[in-house]
Amino acid sequence: NYYIRAMAESKNGNMRHEYILYAFIWVVIAMLPIFLELWEYMDGAEFEWRPVLRWWTGMVPLVAIFLLHNHLLIPRLLKKGKIKHYCVSVSVILLAFGTMSFSMDRHRPEMHGERRMPPPYHIESPHARPPMPMHAPVLPLPVLFKFVLALLTLGVNVAISLSFSYSREQANRKDLENYRLQEELKYLKQQISPHFFMNVLNNIHEMAEDDVAKAQEMILELSRLMRYVLYESENPVTTLASEVRFISSYVDLMRMRYLEDVVKINLELPEDTSGYINIPPLLFISFIENAFKHGVSYLNDTVIDIRLHEKDGKVLFSCSNTVPSRNPETSRKGGVGLVNVRRRLDLLYGEDYSLKINEDDKLYSVTLIIPSL
């Protein structure tokens, strides 16, 4: 399915961006001692690799902590809501890292650039008091510095991972919503076709009782309409020119059914439509169907006026019909056609369309303005 594949590709792309960011941060950290040595080299000092190698050696346990934290603790504990287990695991890791750093510092102090205390100055006076013994701090500064670095590594890792996870969740929600809307649109279009054919076949059935030859001609015209409905409606959009031809064929079909002196049909369609104008298929037919279904009267003069124009990348459609006297039961409130059209417009355009329906005792009119897709 297209939308499922799109969701998977979006997730993979988001994860790639996260890993690229991690790689960039670690590369910058690894290059810091080189930049510092180059800075001193530009001042005339000799470039030394020993500080760079010591820095890289100290990064190894930090990278190991990061990998363990990023690929094990965050996905399996933190993101699954196991906060207590996560906190205990992080504490154990930091404690182990601190113990290891303290042990290495005691056995190899020269690795941290520490200076040994010089022997106490000998005082000749017999009354002089011996100097107080110097005690090393409980937690040397290099060890404390490494501990803070490890803590910052885990904190930055959590912040970046949760930020990208939130972004992925938002993208997934959006993709799922688009998928749901497309499925709903597909269902609505599937409802339109049976509704359309049902009305046309009812018209042909009525005509067959009075004029068999004209009914046969209407069936041929219907076959052309069916090809459009079956093939064009499968696409999310169609050209305005195709929809114009469909509307013209449908109106010709209705002209076969009604006498011109009984039903006056005014049809105004663009003769030359722009090729870049795309619209949803079968969007206007429900309004036109309702005009013939509810507006035709054999007792009074009936006028049906259909206009379709394009201007500045927008499509302007209007359909109006005279209102015959009818019983309250025949009110056109509800109906599958109009309900579907409203829902499709909401799904496709949101608030970027205008639909006005006005009705009084003499005239029922619909005005729809939509942008090109």
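We did not get these values from a lab; they are worked out from the coordinates using the rules stated. What you see is a predicted model, and the numbers here were worked out from it, not measured in a lab. Cβ sites come from the backbone with ideal geometry, for glycine too, and all protein chains shown count toward neighbours.
What to note about this one:
- For the pair HIS17 and LEU299, a Förster radius of 56 Å applied to the C-beta separation gives a FRET efficiency near 0.20, rounded to the nearest 0.05.
- ³J(HN,Hα), Karplus 6.51/-1.76/1.60, whole Hz, each residue of the range 280-291, x for Gly, Pro: x, x, 6, 8, 9, 5, 5, 5, 5, 4, 5, 4
- Over 30 Å between alpha carbons, listed pairs LYS214/LYS314; LYS174/LYS314; LYS79/LYS174; LYS214/LYS356: LYS214/LYS314; LYS214/LYS356
- Computed from backbone phi with θ = phi - 60° and the Karplus coefficients 6.51, -1.76 and 1.60, the 3J(HN,Hα) list for the range 236-243 is x, 9, 9, 7, 4, 4, 5, 5 Hz; x is used for glycine and proline.
- Cβ-defined net charge surrounding ASN70, 14 Å radius [Lys, Arg +1; Asp, Glu -1]: +1
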